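Trainee: Structure in structure tokens, see below.
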Amino acid sequence: MGDIRQSLLPRDVLSAAKELLYHLDIYISNLVQSGRQPPQVDTKTLELVEEFILHAPKDRSALTRRMSALQELQLLEIMCSCFQEQSRDTVRQLMFSALFSLQGNQADDSRMGLLSKLVSMAVAVGRVPILECAATWLQVLVDDYCSMMPGSVPTLQNIHSASPRFCCQFITAVTTLYDFTSEELIPPLELLQMIASWIQDDPHLVLVTFLNTPLSGSQPLSSLDVTPLGGLVRWCVKAPLSYWRDKKQASVHSSSENEQEVTGLFSALHLSVLQVFVLLPNILNEKGIFGRLALLQMDSLASLVSDLSRQSDQADKHTHTHTSAADIHALTQLALDRLAQALQVAMANGALLCSREDLRAICSRLPHNNLLQLVLSGPVMYYNNIHTPPLAFSPHASHSPIASHPIHPAHAAPHTPLATLPSPHPNSHPQYPAQPFMTGMSFPFRPSH
């Protein structure tokens with residue numbers, strides 16, 4: 001394809017990019033048709049991609065070609081159509097790789113920026129082929145740098161200082177991809193170590209995309225997550241029961257050393273996430289959206305609680321086969337403690353906007369946990385300084401009370417439950433009492449403002 005460069009040079013930037021995508025599609029289709037194994041895009045073609053799509057100058061003397069915002073939007077639409085119309089998955093994957101595989105050069109920043117915008121558009125307009133290519137690319141990246149070649153972990157680990165925004169988006173993506181629903185979707189130990197160290201070194205890393213994205217109180221709630229906070233909370237809460245739900249499935253983590261390391265990593269990660277929540281009030285106030293834009297969404301929280309309830313059910317069935325009842329109880333309580341802490345600190349700092357009634361409804365089927373009980377029954381406050389009501393997070397959004405400060409169990413006064421409401425759902429965990437709401441619980445703490 002190197003001979004088409006001269007025909008692309010006179011064209012305007014959008015026309016040249018469109019023409020190159022057309023030729024790239026034909027070139028890769030012929031490559032796959034030839035049966036060459038493995039099919040591999042040549043270096044000259046990759047250089048054309050960098051010059052005419054990513055606009056990296058071929059040499060220092062060349063003028064940098066730039067697209068206007070409108071032209072860039074048109075290019076994204078063209079790329080969406082190109083992937084949608086190509087019916088062969090192999091061709092799509094090779095084309096995606098030619099466009100977005102990291103090359104370790106100056107074009108990588110443009111590459112990651114274009115990839116981010118393309119995936120965002122694909123989410124918005126439902127372009128499944130692009131989303132599938134992006135998911136495959138992401139898993140390959142994790143496999144290359146975290147699983148198959150452990151010696152190359154520092155290459156990816158050190159990128160957080162070079163491109164914090166890439167790392168923030170990377171964390172958001174992998175916490176969505178690795179959702180603990182199966183053994184294959186449990187994050188590799190090396191990936192967990194890397195992300196935990198990133199956030200411990202700089203908690204602000206989690207907020208980089210959010211800080212660089214223009215937001216307002218009218219931001220659509222269905223938009224792509226601007227922080228990985230939801231995914232990180234999901235990891236920390238689901239980890240205790242996911243890693244040990246079946247000793248046969250978790251054989252790679254069966255040694256006591258590995259178990260202790262994984263436990264320590266998730267504890268450190270959970271603490272880091274809580275620390276990030278504490279950073280939010282000042283940031284949200286500066287953006288003028290405190291109390292109006294939730295970084296943790298109720299539908300995501302409801303899905304997490306449902307998964308946790310299902311995990312508890314599955315763990316109960318393995319009590320007599322792999323793990324003692326006491327061990328299962330301890331793991332379940334650890335998961336519930338983390339959930340309660342995340343809920344309280346997120347609400348106290350404006351990341352989660354909902355009413356206690358919403359939380360009690362969502363958490364009604366979970367096993368009993370003292371800390372979660374305190375959170376569900378705890379003191380509340382209204383955002384009197386916010387005149388515009390919160391966005392539509394729940395049926396109670398217009399009067400949604402939010403906790404003012406996190407509560408530590410040691411600060412709660414002794415109490416005697418006067419009445420316990422019956423659970424609206426049958427108790428699915430006979431060995432644990434259901435999670436009731438105790439109306440007679442007394443709390444000495446009341447917000448002073």
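Bear in mind that the values in this text are calculations on the coordinates, not laboratory data. These numbers come from a predicted model, not from an experiment.
Trainee: Using the Karplus equation 6.51 cos²θ - 1.76 cosθ + 1.60 (θ = phi - 60°), what ³J(HN,Hα) coupling, rounded to whole Hz, does each residue of region 373-378 give in order, writing x for Gly and Pro?
Mentor: 4, 4, 5, 5, 10, x
Trainee: Right, another one. What ³J(HN,Hα) values, in whole Hz, does the Karplus curve 6.51 cos²θ - 1.76 cosθ + 1.60 give for region 50-58 when θ = phi - 60°, with x put for Gly and Pro?
Mentor: For region 50-58, the Karplus curve yields 5, 7, 9, 10, 8, 6, 8, x, 5 Hz.
Trainee: Suppose we take every Cα in region 1-131 and form the convex hull; what volume per residue is that in Å³?
Mentor: 106
Trainee: Taking a 20 Å limit on the Cα-Cα distance, which of the listed pairs LYS238/LYS317; LYS58/LYS117; LYS18/LYS44 fall beyond it?
Mentor: Where the Cα-Cα span goes over 20 Å, the pairs concerned are LYS58/LYS117.
Trainee: Across region 350-366, in residue order, what do the Karplus-derived ³J(HN,Hα) couplings come to in whole Hz, using 6.51 cos²θ - 1.76 cosθ + 1.60 with θ = phi - 60° and x for Gly and Pro?
Mentor: My calculation for region 350-366 gives x, 7, 10, 10, 6, 9, 4, 4, 4, 5, 5, 5, 5, 8, 5, 9, 6 Hz in order.
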